[in-house]
Amino acid sequence: MIRLKTEEQIKRIRESCHLTAQLMERLATFIEPGMSTWNIDQYCYDFITRHKGVPAFLNYQGFPATACISVNEEVIHGIPSKSTIIREGDLVDVDLGINLDGHFSDMARTFIIGNTKDEYRKLCEVTQQCLVLAIEAASVKGARIQDIGSAVYKHATKHGYGVVRDYCGHGVGLDVHEEPEIPNYTSSYLPNPRLREGMVLAIEPMINLGTHKIKVLANDWTVVTLDGLPSAHFEDTVACTHNGLEILTVV
């Protein structure tokens, strides 16, 4: 069941999202070569708790960290570790949410660390463009869920990239994950509800440099590309309001 939020609930979710966007902005200058993904996770935990929030992902279905930190060929759900060291040229995806008094945000950014290969930089640029186009598609009056996936899929495949199908965007706001699911592709077999006022959605293209195929590592969390090529991931939380679509994960 899709949970429609009231104006007051969206106001509170917006506060959580703004805080998350502030953290992401700080991470852009904090992450550097030589630190571990555990260092990044501790920074996120300290920021969230210092601002009286609760890390939304920590212990969610057993996930052991504040943030999902996925490096290079890791698509999503990377587990922070003291042994995973960030290096020059890496693509580092940080995906996290904040529970602020029962109101949830969700946001992801892929950070380019220093100088990287042109093809890796282009992957990130195109994935970010996919997110922008997806949000534009959702902003159209009368839009449906699959309009979002169509925008992502067309733009990514135009550049020859693989679009992850096994994981998708989702509703959010009063829980970490809610209905509806928001795939980054289209299919006549998938539900296609119309967007309505009160919906709060996490839109998140996950785009691979090579194949769209993925596998899950033995830790039962980390998703990696099947061919070992890098992946990029960008995500924003948006709300359908009486004034139109609003991006909530902004500073």
Would you call HIS155 within 30 Å of LYS11 (Cα to Cα) and more than 16 Å from the chain's Cα centre (by Cα)?
no
Does at least one position in region 80-93 carry a residue that is outside any loop (DSSP other than H, G, I, E, B) and surrounded by fewer than 18 Cβ atoms within 10 Å (Cβ to Cβ)?
yes
Checked region 190-211 for anything surrounded by fewer than 22 Cβ atoms within 10 Å (Cβ to Cβ) and closer than 25 Å to ASP118 by Cβ; matches are GLY210, THR211
Of all residues in region 206-231 being part of a strand (DSSP E or B) and under 16 Å from the mean Cα position of the chain (by Cα), the one that is nearest to ILE145 (Cα to Cα)
MET206
Here is a check on your reading of the model: is LEU174 crowded, with 19+ Cβ neighbours inside 10 Å, over 30 Å from PRO33 (Cα atoms) and either of a type in the set (Phe, Trp, Tyr) or modelled with pLDDT of 95 or more (or both)?
no
Odd one out for ILE69, checked against (1) in a strand (DSSP E or B); (2) touching a residue at least 40 places away in the same chain (Cβ under 8 Å):
(2)
Considering every residue within region 232-245, establish whether at least one is outside any strand (DSSP E or B) and closer than 16 Å to GLY162 by Cα.
yes
Hey, does region 99-119 have a residue that's free of Cβ contacts under 8 Å to residues at least 40 places away in the same chain and under 18 Å from the mean Cα position of the chain (by Cα)?
yes
Has region 158-167 got any residue that is out of contact with any Pro (no Cβ under 7 Å at 6 or more places or on another chain), more than 18 Å from ALA21 (Cα to Cα) and either assigned to a helix (DSSP H, G or I) or without any contact (Cβ under 8 Å) to a residue 24 or more places away in the chain (or both)?
yes
Could you tell me whether region 185-202 includes any residue that is of a type in the set (D, E, K, R) and touching a residue at least 60 places away in the same chain (Cβ under 8 Å)?
yes
Options PHE63, PHE47; residue that is within 22 Å of TRP221 (Cβ to Cβ), aromatic (Phe, Trp, Tyr) and at pLDDT 95 or above:
PHE63
Quick one: what pairs do we get from region 1-24, first residue of a type in the set (Lys, Arg), second assigned to a helix (DSSP H, G or I), C-beta under 8 Å, 6+ apart or different chains?
LYS5/ILE13
Restricting to region 124-148, and then to whatever is of a type outside the set (D, E, K, R) and free of Cβ contacts under 8 Å to residues at least 40 places away in the same chain, can you tell me which residue is surrounded by the most Cβ atoms within 10 Å (Cβ to Cβ)?
ALA137
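The values are calculated or read from the model by the stated rules, or taken from the named source; none is laboratory data. Fair warning: this is a prediction, and the values are worked out from it, not measured in the lab. Backbone-built Cβ (ideal geometry, glycine too); neighbour counts: all protein chains shown.
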